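Novice: Below: one structure in structure tokens.
Any read-out appearing in this document is the output of simple, stated calculations on the displayed coordinates, not a laboratory observation. Fair warning: this is a prediction, and the values are worked out from it, not measured in the lab. Here the Cβ positions follow ideal geometry from the backbone for every residue, glycine too, while neighbour counts run over all protein chains shown.
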Amino acid sequence: MAVHRGLLNELLAKLHDDEKVRGVTVFRGISGCGKSGRMHPSSLLDLSMDLPLVIEFFDEPAKVSGILEHLAEFLEPDHVVSWQARVNKED
């Protein structure tokens, strides 16, 4: 459990403190499964570190590309999803 928390804290520190990305959000699933197909449910009393976790961030495309290259060093390639977004600004 400590290893997962350490990785999460490292990722958040990297994105917020080091890279200064515009926004970071972390979502924790209430149930889910991975490659094994074994379900990992939760209860209100026990939020397991085995539950799905999504870290979402956004910034300029060039900055995101560099960050994704760095993240590839310690995340499996099939665990990263990215897409271009458009920011709606008032004129």
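Novice: Between region 11-37 and region 50-77, what's the alpha-carbon centroid distance in Å?
Specialist: 8
Novice: Please turn the phi angles of region 16-24 into ³J(HN,Hα) values with the Karplus equation 6.51 cos²θ - 1.76 cosθ + 1.60 (θ = phi - 60°), one per residue in order, whole Hz, x for glycine and proline.
Specialist: In residue order, the calculated couplings are 7, 6, 7, 8, 6, 5, 5, x, 9 Hz.
Novice: Continuing with this model, one more query. Can you give the extra length, in nm with one decimal, that the chain gains between Ile55 and Arg38 once fully stretched, where that is 0.36 nm per residue apart less the Cα-Cα distance? Write out the running numbers ahead of the final one.
Specialist: Working: separation 17, 0.36 × 17 = 6.12 nm, distance 2.19 nm.
Full extension of this stretch gives 3.9 nm more.
Novice: Roughly what would the spin-label model give for Lys63 and Lys20, points 7 Å off Cα along C-beta, in nm?
Specialist: 0.8
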